[in-house]
Each structure stands twice: as C-alpha cells, then as structure tokens.
Amino acid sequence: MLLGPPLLGALLAAAVKPYRRFVGWTNALLSLLSLGAAVVLWRHILAGDVLTSGPGEFLRADALSTLLALCVSLVGSLAAWLGPGMGGDDGYDGAQARRFRIFANLFTLMMLFAVVSNNVGFMWIAIEATTITSAMLIPLHVTKESVEASWKYILIGSVGIALAFGGTVLGYFDFVNMAGHREAALNWTVLMASAPRLHPQVIQLAFVFILIGYGTKAGLAPMHTWLPDAHSEAPAPLSAMMSGVLLAVALYAVIRWKFVVNAAVGTGFTDDLFIAMGLLSVAIGAFSLVIQRNYKRMLAYSSIEHTGLICVGLALGPLGMFAAMLHLLNHALAKSTIFFLAGRVMHRYRTTEISGVSGLLTAMPWTGGLFAAGVLAVIGLPPFGLFISEFALFRAGFAAGRPWLMGLVLALLAVAFVSMIGHLNRMLYGAPAAGVTVGEGSAWPLVPLGLCMAALVVLGLTLPAPLRALLTRIVEIAGS
C-alpha cells in the first residue's frame, strides 16, 4: 500500500496519451493511499512492532523509516494534488503534465523504497534513481538555464552517489572479511549485529566516503553547488519535493550508516564529522542568503542551512537526535509549503527576482500572508514548530557541553534571520508592478497549504504524544 500507488500512478500516466485530466485526479487519490499506509505504519510502530516483508526481510520499517515515509508520502501527496495537470491555467500543456505525472510518481516511489529497504545496496540504487527521475523534471519548461541546471545536478549528484557506492563496497568487504560471509550481509539488521567486529579504520574510511557521497545529495556544503540552481529552475512541486524530502532521504542513508559506525568505533568519530560539515553548511547557507536576489534560490540556501542544523543536532547525543528528527519533520512541512507558495507568486509575477515582486500582500493577500508565515517559520520564530525544534537543539548542545558551538550557530542563524526578513519585506509591501493582476485566482490550493501551516503552529505549541513516542523510538534505535 505504501509503494504501489505511486507505481500505479506512473504507469497510468505513461499509458494514457495524450494526457487527460482524470489521470491527475487519479494520481492525487492514489497518493492518499500511500499517505494512509504511512499512518498505519506509524500505528504499528507505536504498538511496538517492526514490520517486515519479502524474502530475507527485504523491506523493513522501523521508527526512523516510518518518520521518513510519513514525510515523503505527505509531500508527494501535496505535489500530486497541486502539480500540473489538475485543470485550470497552471502554465503547463498536456505533454508537460504527462511527463510530470510519470516522473514525479517514480521520484516518490524511489524515495519511499529507499527508506523502507532493509538492504544497503538497494537503498543506494533507489537514491541514485531519485537523481534520474527528478532531473527529468527540472527542465519541465525547457530553457537554457533549466537544462544546464539539470545537467549540473546529474553530474554532481552522480559523482556523489559514486563515492557513496565506494563507501558501501568498503563497508561490505570489511564485513565479509571480519565477520565472515553471511546470507543477507547487506541488510541493516545484519550489519548492526556484526558492527562491533568490524575493522575500525576501514569502517571509518567507508563512512567518510558515505558521508561525502550521500551528503552531496543532501545538499551539505561544500558539495551543495547543484542545489540552488536546480531549485531555482525546477517547477514549484518538484522544488517542494526536493527541498522538503529528498534532502532528508539522503540524510536518512547517512544516519543509518552512522548507527553502524557508532556501534563499531563509538560516537566521537561521526560526531566530529557531522559538526564540521553541519557548521560549514549553516555558515554557507546563512551568508549566501545575504546576497540573494532570487527568492527561489533564497529558499534553496535556507534548505542548506537547515540541513546543516540537522547534522549538528545528530552529533549532540540523544537529546540532539530527538531535536534533529523533529526539525527534519518541521522543515519538510515548512519548506515544501513555502515552495508551493513561491510557485504561485512566480506564476503571477512571471519572475523569480526579489526586485520584481512588490506589493504581494495587495496583489495576492492570502498567498502573500501564507508566504510571509512560511518565511517566519523557516527562520525559527514562534509559534511555529521550527522554533521548538531549534530550541531543543540548542538545549541539547548546552547539555552536551558545547556552549561555544551553540553560540556560533546562534550567530549564524541571526545572519539568516536578518537577511530573509529584509528580502521578505521588499516582496510584501509597496504597489504591485504594472500589469500584475490583483486577486487570488484559483484559491483552492491554499486550503492544503494553509493546513500545513496550521500543523506547524500546532507543533510549535505542543508535541502530540504519538509523535513524541515515534521520535523517542528513533532515539532508542540510535542508542541500541
């Protein structure tokens, strides 16, 4: 039920040519089945189950898999409902809508498969496939810039995933040599059980390759250069999926390997690497925001900053792991929502330049208001959930005895705060440019986006018991 709907949606879109609107509506309804399956997984996890399927436990869903499956299926469902091909003047013709439906469904399928695969080899294949399926959609409107951004993404992402493959092979051969050949040697469960017998230096070298490789797909600095170009040229639904969940899926792979390495050599080695790369990502993201002139690139650099924050949290012990996973969820909600809103702004103003957007609150009051709320959410202001997860992250840092690190991160967040507030003010106020229509137009897409913002407010005011239990189980996996 989790993996079947996006596959069926892709097959339906491929089979129906020329494109018909019922394909989009069918895709949207199918996406709700995947989301429902992720919720059912969550219920089983809370009951203490770990679900497996297939020969040799080929598919396996624990608490960490379930959190990522929830994020991917939710954002994938938003893309299915709000993407091209649902009717109305969305700026896409039938061929473009058909291509979007095929590859967006396959993109969702590969991300879901990556997080429920129990096999590190198949997980690597799935993450590599996310590069191809998403790159096909970046130039949905074919321009020189969009094609160039797509090729840059493919080349840098492929180099990164090749390094991750090298690390995976190193880890596998170390396992075979030190623990002896065993059936299902590439399964997470087998690797975790045998981790104490692995050769420390080899598994550390393997993790360096894995962190750099998958970190490239996660947008970690200094391997982040593909991300602003791809996000600025991609259609809004794809930008929402890439920023909201693709980066998180790539981080998922690193986190899984972190558990293995920690069991083999302790936490110090991986913690130092996460702090170094996380801090560098926060710094580059924050200072890049200062000079931005393109609001989609602004949101992309904000994603780099938040990915760095998650990495820092992962190095701060159990409290940091809890905060990082909560931040991952909050960021998936906030950034996907704001990219959809940015798509509405771009469709109305016909530009992604900040200087070309003025009077947004006058021209599109509801879109402008939600866009402003989204920016306030991603810079960590209350009452939104990212304020709570960032507060929890700082609490974890001080509890771990790293006050200087937390002070430096706080200073960088202040730079990002001032920069994004300045850019937002220029977009919201003043008079709309000549030729810009005043009024919302099609307003129904604002309903699900408004619900996402409401969910962020709820997460900023309270932490529901089922979510707290899910995050607590992830922390237990990290410590087991």
Close pairs from the range 343-371: first farther than 21 Å from residue 292 by Cα, partner outside any loop (DSSP other than H, G, I, E, B) and open to solvent by 60 Å² or more (accessible area, probe 1.4 Å), Cβ under 7 Å, at least 6 apart: 369/361
With 333, 299, 328 as the choices, which residue is in a helix (DSSP H, G or I), over 22 Å from residue 69 (Cβ atoms) and of a type outside the set (Phe, Trp, Tyr)? 299
Here is a list of conditions, (1) farther than 21 Å from residue 234 by Cβ; (2) open to solvent by less than 40 Å² (accessible area, probe 1.4 Å), and residue 94 meets all of them except one; can you say which number that is? (1)
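Residue-by-condition table, conditions (1) out of contact with any helix residue (DSSP H, G or I) (no Cβ under 7 Å at 6 or more places or on another chain); (2) within 15 Å of residue 84 (Cβ to Cβ); (3) part of a helix (DSSP H, G or I):
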{"position": "100", "(1), (2), (3)": "yes, yes, yes"}
{"position": "104", "(1), (2), (3)": "no, yes, yes"}
{"position": "109", "(1), (2), (3)": "no, no, yes"}
{"position": "114", "(1), (2), (3)": "no, no, yes"}
{"position": "122", "(1), (2), (3)": "yes, no, yes"}
{"position": "126", "(1), (2), (3)": "no, no, yes"}
{"position": "129", "(1), (2), (3)": "no, no, yes"}
{"position": "132", "(1), (2), (3)": "yes, no, yes"}
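Is there a residue in the range 405-428 that is on the phi > 0 side of the Ramachandran plot and either among the basic types (Lys, Arg) or touching a Gly at 6+ places or on another chain (Cβ under 7 Å) (or both)? Walk me through how you get there before you give the answer.
Filtering the range 405-428 for residues on the phi > 0 side of the Ramachandran plot gives none.
For the range 405-428, residues on the phi > 0 side of the Ramachandran plot and either among the basic types (Lys, Arg) or touching a Gly at 6+ places or on another chain (Cβ under 7 Å) (or both): absent.
Open to solvent by 20 Å² or more (accessible area, probe 1.4 Å) and either in contact with an Asp or Glu (Cβ under 6 Å, 6 or more places away or on another chain) or within 24 Å of residue 63 (Cβ to Cβ) (or both), is that true of residue 263? Let's see the steps before the verdict.
Working: open to solvent by 20 Å² or more (accessible area, probe 1.4 Å): yes; either in contact with an Asp or Glu (Cβ under 6 Å, 6 or more places away or on another chain) or within 24 Å of residue 63 (Cβ to Cβ) (or both): yes.
The answer is yes for residue 263.
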Is it the case that the range 229-246 has a residue that's modelled with pLDDT under 90 and open to solvent by less than 20 Å² (accessible area, probe 1.4 Å)? yes
Enumeration of residues in the range 1-13 that are at pLDDT below 95 and open to solvent by 50 Å² or more (accessible area, probe 1.4 Å): 1
State the number of residues belonging to the range 392-412 that are open to solvent by 20 Å² or more (accessible area, probe 1.4 Å) and either without any contact (Cβ under 8 Å) to a residue 40 or more places away in the chain or within 30 Å of residue 355 (Cα to Cα) (or both). 8
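Give the residue, chosen from 259, 269, that is at pLDDT below 95 and closer than 25 Å to residue 404 by Cα.
Checking each option against the conditions leaves just 269.
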Any chance you could count how many residues in the range 429-444 are within 33 Å of the chain's Cα centre (by Cα) and at positive phi? 2
Only unsatisfied item for residue 159, checking (1) hydrophobic (A, V, I, L, M, F, W, C); (2) assigned to a helix (DSSP H, G or I); (3) modelled with pLDDT under 95; (4) crowded, with 19+ Cβ neighbours inside 10 Å, is (4)
Going by what's in this entry, would residue 409 be described as over 19 Å from residue 279 (Cα atoms) and part of a helix (DSSP H, G or I)? no
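The values are calculated or read from the model by the stated rules, or taken from the named source; none is laboratory data. Quick caveat: nothing in here was measured; it's all calculated off a predicted structure. Using ideal geometry, Cβ is built from the backbone for each residue, glycine included, and neighbour counts are taken over all protein chains shown. In case anyone asks, the SASA skips ligands and DNA or RNA and just uses the protein heavy atoms, side chains included. Shrake-Rupley method; radii C 1.70, N 1.55, O 1.52, S 1.80 Å.
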